[in-house]
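Reviewing the structure listed below.
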Amino acid sequence: MDNSQLAQQRRALIWRRSVAVAMHLAVVAVWEILVRVLEVPKFILPTPSAVLATLASPNYDWLGNSWVTAMEIGGGYILATVLGVAFALVFSWSKILSLLFFPLLITLNMIPKVALGPLVIVWLSYGVQTNILITFSLCFFPILLTAVRGLREVEPDLLDLVKSLRGSRWQMFTYIQLPGALPYIFSGMKVAAILAVAGAIVGEFIASDRGLGYLMIQVQASLDTPAMFMAVTLITLIGILLYLVVLALEYFVVPKDARLS
């Protein structure tokens, strides 16, 4: 690819991003104007400026609550990624374990996680650790499923070659299986990044004393809608940041032609 084609691709990328940013700003501007013109009550739909004004109030502890929610999302997500890939590796190495436990994990995944929330709280009490576990339960299976598929898609001839050269299972994994499975793993990680946010907030809704979800429940009683909108905005930003981190990692470790999406 020559320099002119690279420059053209960069211009196209900048254009797409500029359009996306402009559309977001346009929606916010229309929202502000319509609410003011129609004189919509603040407790029903506040203006974006009223939502931003809540950041100046120390009563909400935005930084502390955002940090707690981010820890729950990040902790559950990282745990799900590590254990999901580890379990997938074990299943790829042992057909017996895969036969015995993989169907069981599928059945467990069918259980509604929201319904399990009160039980988890009874067993483990409430707090950051419990919400990390709930987040983990939502993120684990998408990563496991895509990792298992990716590890099974490896060319059998390559595995036979490593075996003939007396390579260890770890060498087989690091040099053959993992590089081939990375596009599938990242596909599952992107799905799990969306679910991680939902898992943390569900945990905070059920029982918590910190976090943005907990704050939303508290301000709901007083119809503090601007604060609820601000909490939703911060939750969304945390989710977007996590998704961008996953995309950045995929960009650096997976060749462009091998990416699934």
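When Ala86, Ala80, Ala70 are checked against the criterion of being of a type in the set (A, V, I, L, M, F, W, C), touching a helix residue (DSSP H, G or I) at 6+ places or on another chain (Cβ under 8 Å) and farther than 27 Å from Ala221 by Cβ, a single residue qualifies: Ala80. A single entry from Ser57, Ser4 fulfils the requirement of being open to solvent by less than 90 Å² (accessible area, probe 1.4 Å) and either among the aromatic types (Phe, Trp, Tyr) or within 30 Å of the chain's Cα centre (by Cα) (or both): Ser57. Taking residues in region 91-116 that are within 17 Å of Arg149 (Cβ to Cβ), and partners anywhere that are small (Gly, Ala, Ser) and part of a helix (DSSP H, G or I), the pairs with Cβ atoms closer than 7 Å and at least 6 places apart or on different chains are Phe91/Ser98.
Residues in region 96-137 that are in contact with a helix residue (DSSP H, G or I) (Cβ under 7 Å, 6 or more places away or on another chain) and open to solvent by 80 Å² or more (accessible area, probe 1.4 Å): 2 in all. No other residue among Val68, Val35 is farther than 30 Å from Phe136 by Cβ and open to solvent by less than 40 Å² (accessible area, probe 1.4 Å) apart from Val35.
For region 214-261, the set of residues classified as open to solvent by 90 Å² or more (accessible area, probe 1.4 Å) and polar (S, T, N, Q) consists of Gln218, Gln220, Ser261, listed by residue number.
Restricting attention to region 94-101, does a residue exist that is modelled with pLDDT of 90 or more, among the hydroxyl-bearing types (Ser, Thr, Tyr) and at negative phi? Break it down into steps so the answer makes sense when it comes.
In the first step, residues of region 94-101 are kept if they are modelled with pLDDT of 90 or more; the result is none.
No, there is no match, as no residue in region 94-101 is modelled with pLDDT of 90 or more, among the hydroxyl-bearing types (Ser, Thr, Tyr) and at negative phi.
Pairs under 7 Å by beta carbon, first residue under 14 Å from Tyr184 (Cα atoms) and in contact (Cβ under 8 Å) with a residue 24 or more places away in the chain in region 239-253, partner in a helix (DSSP H, G or I) and among the basic types (Lys, Arg), six or more apart or different chains? Hits for this filter: Val246/Lys190.
Each residue in region 202-212 was checked for being within 14 Å of Leu133 (Cβ to Cβ), assigned to a helix (DSSP H, G or I) and open to solvent by 20 Å² or more (accessible area, probe 1.4 Å), and 2 pass.
The values are calculated or read from the model by the stated rules, or taken from the named source; none is laboratory data. Treat the numbers as computed from the prediction; the structure is a model and nothing was measured. Note: ideal-geometry Cβ built from the backbone for every residue, glycine included; neighbour counts use all protein chains shown. Side chains included, ligands, DNA and RNA excluded: accessible areas come from the protein's heavy atoms. Shrake-Rupley method; radii C 1.70, N 1.55, O 1.52, S 1.80 Å.
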